[in-house]
Every structure is written in structure tokens, then in C-alpha cells.
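Colleague: The structure is given below, and queries will be raised subsequently.
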Amino acid sequence: MRKIMIIAVLTATLACSKNDNSGNKDVLKEEPEPAAKVVTDPIAEGKSLIEGSDCLGCHKLDERMIGPSYKEVSAKYENSPENVEMLADKIIKGSSGIWGDVPMPAHSGLSKDNAKFMAKYILSSK
């Protein structure tokens, strides 16, 4: 009888301490997804991404360093959706032989959208 009383008290205690899962321990609370970043100015976003990356170690806006200046790139390629796509791919995959012997390393951790913002900034720098 004593065991039944202990079990009853424990059951009542557990029943009173139910959480949002209503006692179902198998249900996990889902974390809300982070809100997508709304980009109102893709050129400014591209500039910010470039300034926060390693790009400025090899490129400058109006002066050739290890790689071409952004103005040289924008003079060579028209600012078109196709060229934004092409440059974004080169930023992500790397490139060599177009501007000299030193290859541009791949930036494979960069999202396609961010690489496109960077390319849009570069092509806008005429």
C-alpha cells in the first residue's frame, strides 16, 4: 500500500509540472528561423561584404595591386546580370590567367547571393 501511495504522489507531482509539451518528452520545441536579411541597397551591401573580407589584400578600388582594381574590372565587363553571375562564380570558385599569373583563391564559404552583391559593387565602380 505504501508503494502505491508513493507512486500516486509522484504521478500527481509530475502531472502538475507539465511544460509546454504537455508532458510529451519526445516533442522538441522548434527554434524560430532567423529572419531573412532584407537588402535595400545591393551596392552598399557588396561594398560592406568586400570591406569585411580578404579582398582588399589583393584589390583596391582604383589602383592595381596583386589583382586588378575594381575600376579595371568594371571597365572590362559591362554591368549586366550575366556578368554579375559570371563574376560571382569567379569569386566563389577562384580564377586564374585573366589578369596575370597570380591566381585568385576560391572563396567557397561565400554564398552565391553575397558574391553577387560583391560583383554588383565591383561593376558599379566605374
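The values are calculated or read from the model by the stated rules, or taken from the named source; none is laboratory data. Please read these numbers as outputs of a predicted model, since none were measured by experiment. Note that each Cβ is placed from the backbone with ideal geometry, even for glycine, and that neighbours are counted across all protein chains shown.
Colleague: Return a yes/no flag: does segment 63-70 have any residue that is among the polar types (S, T, N, Q), surrounded by 11 or more Cβ atoms within 10 Å (Cβ to Cβ), modelled with pLDDT of 95 or more and assigned to a helix (DSSP H, G or I).
Modeller: No; the residues of segment 63-70 include none that is among the polar types (S, T, N, Q), surrounded by 11 or more Cβ atoms within 10 Å (Cβ to Cβ), modelled with pLDDT of 95 or more and assigned to a helix (DSSP H, G or I).
Conditions tested, residue by residue: (1) assigned to a loop (DSSP other than H, G, I, E, B); (2) assigned by TED's automatic domain parsing to the domain that holds L61; (3) more than 14 Å from E45 (Cβ to Cβ).
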{"residue": "E82", "(1), (2), (3)": "no, yes, yes"}
{"residue": "M86", "(1), (2), (3)": "no, yes, yes"}
{"residue": "D89", "(1), (2), (3)": "no, yes, yes"}
{"residue": "G97", "(1), (2), (3)": "yes, yes, yes"}
{"residue": "G109", "(1), (2), (3)": "yes, yes, yes"}
{"residue": "K116", "(1), (2), (3)": "no, yes, no"}
